[in-house]
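Read-outs: derived from the displayed coordinates by stated rules, not from any lab. The shown structure was predicted, so the numbers you read here are calculated from the model rather than taken from an experiment. Every residue, glycine as well, gets a Cβ built from its backbone with ideal geometry; the counts of neighbours run over all protein chains shown.
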Amino acid sequence: MGEEFTTERIDAYIAYFEKGEALYYRWPDSGIVKTGGILEVTEPDYEEGVLTFVEDVLASSWYDPGYLAVMQDIDPGAPVTSEEIRRLTRKETAALLTFYIRGEKFAPGTWVSAIQNGLFTALLYQMKRLIRLEKGTSSSGEP
C-alpha cells in the first residue's frame, strides 16, 4: 500500500478539483468512432493531476476491493448530494470512491462526471472529516 492520505494531501486535491478554470480532461477528436459498423466511445485523456489522484486512491486504504458488497446499500445511480456524502461511514465513503474510480474502466467518462458534479470534491471533504473524527480533531472549514 502506498502513502496514506493526510488532511494536507486531501486539502491539495480539494484545491486542485475546485479550480474552475482547470482542464482536467479532453475528449479525443470525436468521442465516438465508427469502426466496421460498430460504434465505439473513445476514452477521455486525463490531466496528470487526475491520474495522480486515482493512483493515490488505488494505493491507499480508501480503495476498497470489496466495494460491491458495501454498494448494495448505496444507490450510485441516484444523484448524491454533499449532505448525503457527509452521512456516509468510512467504509461507505471508501466504497463509493472505489466505485467511481473503478467505473472509468467500464464506462469511459465516469471520472469526467465525478469531477463536473463535484463528487470527487465532496468525497475528499468527507475523507478529511472522517480522518479528523478518527483523530479527535475539529472538522471546521468544510462545506
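Subtract the Cα-Cα distance of Asn117 and Glu47 from 0.36 nm times their separation in residues, and report this length gain in nm to one decimal.
Going from the current span to full extension adds 23.5 nm.
Based on the mean of other Cβ atoms within 10 Å per residue, sort peptides 43-53, 118-128 so the most packed one is first.
118-128, 43-53
With an 8 Å cut-off on Cα pairs and a minimum separation of 6 or more residues, tell me the relative contact order of segment 7-135 in percent.
Contact order relative to length: 29 percent.
Determine the dipole magnitude for segment 7-135: charges of +1 sit on the beta-carbon of Lys and Arg, -1 on that of Asp and Glu, nothing else is charged, the reference point is the Cα centre, and the result goes in debye to the nearest 20.
In total the dipole reaches around 420 debye.
Starting from the Cα-Cα distance between Thr6 and Lys19, subtract it from 0.36 nm times their residue separation and give me the gain in nm to one decimal.
Difference between extended and current length: 2.6 nm.
Excluding residues on the same chain fewer than 8 positions from Lys128, give the aspartates and glutamates whose Cα lies under 16 Å from its Cα.
Answer for Lys128, where 16 Å is the Cα cut-off: Glu3, Glu4, Glu8, Asp11, Glu18, Asp56, Glu83, Glu84, Glu92, Glu142, listed by chain and number.
For Arg132 and Glu83 in one chain, what is 0.36 nm times their gap in residues minus the Cα-Cα distance, to one decimal in nm?
Between Arg132 and Glu83, full extension yields 15.9 nm more.
Whose amide H sits under 5 Å from the amide H of Tyr25, counting only residues 5 or more places off or on another chain, with H placed in the peptide plane?
Sorted by chain and number, the residues that satisfy this are Glu47.
If N is the number of residues in segment 44-97, what value comes out of its Cα radius of gyration divided by 2.2 N^0.38 Å?
Rg over 2.2 N^0.38 Å, computed on Cα atoms: 1.25.
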